[in-house]
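Colleague: Would you mind keeping the following structure in view while I ask a few things?
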Amino acid sequence: MTEADVAPWREILDDRERARAARFAFERNRVEYIAAHALTRKLLAAETGEPPAAFHYEAGEKGKPVALCDGRPLAVQFNLSHTGGLVAVAAARGLELGVDAEAIDRKVELEVADRYFFGAEAEWLATLEPARRTEGFLRLWTLKEAYIKATGRGLSQSLDEFWFEVDPPCIRFTPAIADDEAAWSFHQEVMAGRFLVATGWRRGAGPEPVLEAATLQPADLTF
């Protein structure tokens, strides 16, 4: 897609988002940013019934963005991720959540696992056949990213203070993290044929949420 393709979506962004998009040096980054933020507004509109252009954002607790409408914070948490060829957005009411997406065929430095992952994760990765290690790395990486984005800690959270069992996705904590493993749920799947998408959320009061996932083509994103 080109900037001409996403120009109609740009119009529903606020001034701050349009200014941020304009600061990217490369067209593909501008396109991804506009697409991700337009999709966020589409999802927030579906969740709240408000017009897509009505939302503004401010930094909330731990720096995570909070959506506002007419100055009112909305009771909807959201998170977004984008990689070359895909943007992903997750939203829910009353839950901490995070999402991360990566192309399965991207190049990765497997040595990162030895330096930054928990020992059990690096050992699991080493047991895989060489042809499967890149996908294995990305399975771990997207799950870990989903968690630190949900908590708002980002990369200030050491990646070797928690680890994942991959199938089914399940988080484990070292004593350095005072958190409840049983409070967290994770979902991971391949979407659009070649993108690995991981979503994580801390359950609140009430029944276990049901994850609804859908893939949209650009022509489906209308306002």
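The values are calculated or read from the model by the stated rules, or taken from the named source; none is laboratory data. Note that the structure is a prediction, hence the values are computed from the model and not measured. Neighbour counts are summed over all protein chains in view; Cβ atoms, including those assigned to glycine, are modelled from backbone coordinates with ideal geometry. For the accessible areas, the whole protein counts, side chains as well, though only heavy atoms, and no ligand, DNA or RNA atoms are used. Shrake-Rupley method; radii C 1.70, N 1.55, O 1.52, S 1.80 Å.
Colleague: Name the residue, out of P52, P73, that is touching a Lys or Arg at 6+ places or on another chain (Cβ under 9 Å) and farther than 21 Å from S158 by Cβ.
Modeller: Result of the check over P52, P73: P52.
Colleague: Output the residue which, of all residues in the range 49-63 that are in contact with a strand residue (DSSP E or B) (Cβ under 8 Å, 6 or more places away or on another chain) and either open to solvent by 40 Å² or more (accessible area, probe 1.4 Å) or touching a residue at least 40 places away in the same chain (Cβ under 8 Å) (or both), is farthest from R18 (Cα to Cα).
Modeller: Within the range 49-63, the match that is farthest from R18 (Cα to Cα) is E50.
Colleague: Among residues belonging to the range 201-217 that are in contact with a helix residue (DSSP H, G or I) (Cβ under 7 Å, 6 or more places away or on another chain) and open to solvent by less than 70 Å² (accessible area, probe 1.4 Å), point out the one that is modelled with the highest pLDDT.
Modeller: Selected residue: W201.
Colleague: How many of the residues in the range 17-48 are small (G, A, S), more than 24 Å from A150 (Cβ to Cβ) and open to solvent by less than 50 Å² (accessible area, probe 1.4 Å)?
Modeller: Residues flagged as small (G, A, S), more than 24 Å from A150 (Cβ to Cβ) and open to solvent by less than 50 Å² (accessible area, probe 1.4 Å) within the range 17-48 amount to 2.
Colleague: From the list E102, E121, exactly one residue is modelled with pLDDT under 95, touching a helix residue (DSSP H, G or I) at 6+ places or on another chain (Cβ under 6 Å), outside any loop (DSSP other than H, G, I, E, B) and surrounded by 15 or more Cβ atoms within 10 Å (Cβ to Cβ). Which is it?
Modeller: Values: E102 fails: modelled with pLDDT under 95.
On inspection, the qualifying residue turns out to be E121.
Colleague: While we're on this one: Quick check: is even one residue across the range 61-68 of a type in the set (G, A, S), in contact with a Leu (Cβ under 6 Å, 6 or more places away or on another chain) and not in a helix (DSSP H, G or I)? Before you say what the answer is, go through the steps one by one.
Modeller: Our first condition is that a residue be of a type in the set (G, A, S); within the range 61-68, this holds for 63, 67.
After this cut, where a residue has to be in contact with a Leu (Cβ under 6 Å, 6 or more places away or on another chain) as well, the list is 67.
Still in the running and not in a helix (DSSP H, G or I): 67.
Yes, the conditions are met somewhere in the range 61-68.
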